[in-house]
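> Take this structure, written in structure tokens, and hold onto it; I'll ask about it next.
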Amino acid sequence: MNPSGFRTASRHLHRLCRAPATSRNASVRGYATTFNWEDPLVASELYTEEELAIQDTARQYCQERLLPRVLDAYRNENYDRQILTEMGELGLLGANIEGYGCAGASTVASGLITKEVERVDSGYRSGMSVQSSLAMTAIHDFGTQELKDRLLPELARGKLAGCFGLTEPNHGSDPGSMETVAREHPTKKGYYLLSGTKTWITNSPISDIMIVWAKLQTTGKIRGFVVERSQCPPGTLETPAIKNKTALRASITGMIQMDDCPVPAENMFPEVQGLAGPFTCLNSARLGIAFGAMGALEDCLDRARTYALERKQFKGNPLAKYQLIQKKLADAATDAAYGTLAATQVARLKDAGKCTPEMISMVKRQNCDRALANSRILQEVFGGNATSDEYHIARHVANLFVVQTYEGQSDIHTLILGRAITGVQAFV
Ligand SMILES: Cc1cc2nc3c(=O)[nH]c(=O)nc-3n(C[C@H](O)[C@H](O)[C@H](O)COP(=O)(O)OP(=O)(O)OC[C@H]3O[C@@H](n4cnc5c(N)ncnc54)[C@H](O)[C@@H]3O)c2cc1C
């Protein structure tokens, strides 16, 4: 601070010292009497009434309607398509989109929805994120007005299911090397033919609408296409499910196989070229994951705490009485509270137009890392009982491992941050 700045600050402090205590709102200096382990840093103070109401609606739905289904869904890899319709009826899909039958809520409210869904299961969150942040955001941000008017209201209500095909069998972290190609139809004017294979695509087997990223044969540039299943002639589009996953089993995942699949030229996003299109959508999904992972971690903490209070070992003492157990709970509660505050801050910055992709990389990477590390440690609290899926902990751990790896690919986010900090590109 320069000397004149110091003098101004000093005068300001002196004025404050002379002011009567009441005008300084002395009460804010006291301590609250209660500590709420479920919201230790009182993140709820940062949310508007509307955001809290949306969170309540989402929590009630998730606990009453999703939780009872999740064990069967996970055991049998059985995703109930009806879930998208139910979410649509409640306004949970594309919640931060304005118009088109969407709620037009804040990014924070959207994040709180994903947190509540992932509190039940990361697979359910994944299915919802793909519909909202990937398929709907792509059409909203890049589609023609005709595509928006026709498809967004149906996607918002869950009448149509959507997916997002970027990853290919030979190209995951490096989608710029994709092989899927779009060439002009040799005989049918105003159509492209799409050929190639996308894999690990959430919702693809049940999707009516597929956002497919492909290289235009004439320019070599990546372009986005809306592939509508109902318009594809037999034999040009297959979307087989990928079974026997070791995690995210409550979501449905598959491939998109296209063999000269005809798509009208008006279904190509007119403006966006290159990776800016898919990365815009992925950033939106990843911010949701930063919130979602905290929901899964909070559920692990809640279940481990309950177990530790009820389970008695050594002289009839509850496990919760032992300091080694308490440390596990304290670490998890701290990381969940910090992660929620950080995600909230980035979501607020996004709505204020002040968010950068690096910030999203930071919170996605950190929150997934902390959720996975803490859930693994909390799993220990259950001893051998962790093996029973009735305790839900092993499922969260398996899910969080994949959530940390896929979509955001933690290594890649570390590289993005490293590049931003050093200015040196580490990808090549
Ligand atoms: C359940 C599930 C659902 C999915 N849903 C979708 C979806 O809806 N749409 C979609 O398009 N994709 C989806 N994916 C794919 C997901 O985005 C990819 O798995 C992800 O992009 C990583 O690609 P990869 O699996 O081919 O790993 P690879 O790219 O082969 O990477 C393997 C490992 O190497 C690391 N790595 C890669 N490059 C570097 C580097 N330069 N330096 C250091 N480390 C590196 C990665 O971080 C990773 O740990 C899904 C995946 C799963 C498992």
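Taken together, the values in this text are just the output of simple stated rules run on the coordinates, not laboratory data. Predicted, not measured: the structure shown is a model, and the values here were computed from it. Cβ atoms come from the backbone with ideal geometry, glycine included; neighbour counts cover every protein chain shown.
> Which residues make up the longest stretch of the chain clear of GluC sites (Glu not before Pro) that lie in a DSSP loop with no more than 16 other Cβ atoms within 10 Å, not counting the sites?
272-428
> Name the residue, out of SER110, SER173, SER204, whose mean-square fluctuation peaks in a Gaussian network model built on the chain with Cα pairs under 10 Å.
Result: SER173 has the largest fluctuation of those listed.
> Among TYR322, LEU134, GLY418, pick out the residue whose Cα is farthest towards the positive end of the charge dipole of the chain, where Lys and Arg carry +1 and Asp and Glu carry -1 on C-beta, about the Cα centre.
So the residue we want is TYR322.
> Moving on. Once both axes come from the Cα atoms, what is the angle between helix 49-61 and the longest principal axis of the chain, in degrees from 0 to 90, rounded to 10?
Result, in degrees: 70.
> Right, next: Using a Gaussian network model of the chain whose springs link C-alpha atoms within less than 10 Å, name the residue from ARG229, ARG303, ARG150 with the highest mean-square fluctuation.
ARG150
> Using only the Cα atoms of the chain, each taken as one equal point scatterer with no solvent, compute I(q) by the Debye sum, divide by I(0), and report log10 of the ratio at q = 0.13 Å⁻¹.
For the chain, the Cα-only Debye profile gives -1.12.
> Quick one: what are the phi-derived ³J(HN,Hα) couplings along region 165-178, Karplus 6.51/-1.76/1.60 with θ = phi - 60°, whole Hz, x for glycine and proline?
Listing the rounded values in order: x, 10, 5, 10, x, 9, 9, x, 5, 10, x, x, 8, 3 Hz.
> Compare the Cα positions of THR144, TYR74, GLN60 along the charge dipole of region 43-156 (+1 at Cβ of Lys, Arg; -1 at Cβ of Asp, Glu; about the Cα centre) and return the one farthest towards the positive end.
The residue sitting farthest along the positive end of the dipole is TYR74.
> Hey, another quick one. Which of rounded, prolate, oblate describes region 43-156, given a ≥ b ≥ c as roots of the alpha-carbon gyration tensor eigenvalues and a/c under 1.5 marking rounded, otherwise prolate only if a/b is larger than b/c?
oblate
> How high is the FRET efficiency between VAL424 and LEU341 when r is their beta carbon distance and R₀ equals 25 Å, given to the nearest 0.05?
Calculated transfer efficiency: 0.25.
> Which order do the peptides 129-136, 188-195 take when ranked by the mean count of other beta-carbon atoms within 10 Å per residue, highest first?
Answer by packing, highest mean first, reads 129-136, 188-195.
> Please tell me the relative contact order of the chain in percent, rounded to the nearest whole number, where contacts are Cα pairs under 8 Å and at least six residues apart. Each step should come with its number before you reach the end.
Values: 742 pairs, mean separation 67.8, N = 428.
After rounding, I find 16 percent.
> Continuing with the same structure: Helix 410-422 against the longest principal axis of the chain: what's the angle in degrees, Cα atoms only, rounded to the nearest 10?
Taking Cα atoms only, the helix is inclined about 70 degrees.
> Here is a follow-up. Go ahead and run the numbers for FRET between PHE279 and ALA241, Cβ-Cβ distance against an R0 of 25 Å, rounding to 0.05.
0.40
> Another one. Quick one: putting +1 on the C-beta of Lys and Arg, -1 on the C-beta of Asp and Glu, what dipole do you get for the chain around its Cα centre, in Debye to the nearest 20?
Its charge dipole is roughly 1520 debye.
> Would you mind estimating how fast region 97-207 diffuses translationally, via Stokes-Einstein at 4 °C and 1.567 mPa s with the Kirkwood radius over Cα pairs, in µm²/s? Let's see the in-between values first.
Details: Rh = 15.8 Å.
Translational D for this selection: 82 µm²/s.
> Need the full-extension length gain, THR218 to GLU86, defined as separation in residues times 0.36 nm minus the C-alpha distance. One decimal, nm. Let's see the in-between values first.
Numbers: separation 132, 0.36 × 132 = 47.52 nm, distance 4.26 nm.
Contour length minus the Cα-Cα distance gives 43.3 nm.
> Separate question: Any chance you could give the angle, 0 to 90 degrees and rounded to 10, that helix 3-18 forms with the longest Cα principal axis of the chain?
60 degrees
> How high is the FRET efficiency from GLU390 to GLU38, r the C-beta distance, R0 22 Å, rounded to 0.05?
With a Förster radius of 22 Å, E is 0.50.
> Another question about this same structure. Charges only on Cβ, +1 for Lys and Arg, -1 for Asp and Glu: so what's the dipole of region 153-300 about the Cα centre, in debye to the nearest 20?
That gives a dipole near 80 debye.
> While we're on this one: Compare PHE279, PHE225, PHE164 in a GNM of the chain, Cα atoms joined below 10 Å, and give the one with the largest fluctuation.
PHE279
> Mind giving me the nanometre distance, one decimal, between the label points for ARG65 and LEU309, set 7 Å out from Cα along Cα→Cβ?
2.9 nm
> Quick one: if you stick a label point 7 Å off each Cα along the C-beta vector at ASP260 and TYR31, how many nm between them?
7.6 nm
> Convert each backbone phi in region 79-86 into a coupling constant with the Karplus relation 6.51 cos²θ - 1.76 cosθ + 1.60 (shift: θ = phi - 60°), then list the ³J(HN,Hα) values in order as whole Hz, x for Gly and Pro.
Using θ = phi - 60°, the values come out as 7, 8, 4, 4, 4, 5, 5, 4 Hz.
> Considering every Cα-Cα pair within region 346-428, what fraction, in whole percent, is farther apart than 16 Å? Don't skip to the answer; put the middle values down first.
Numbers: 2073 of 3403 pairs.
More than 16 Å apart: 61 percent of the Cα pairs in region 346-428.
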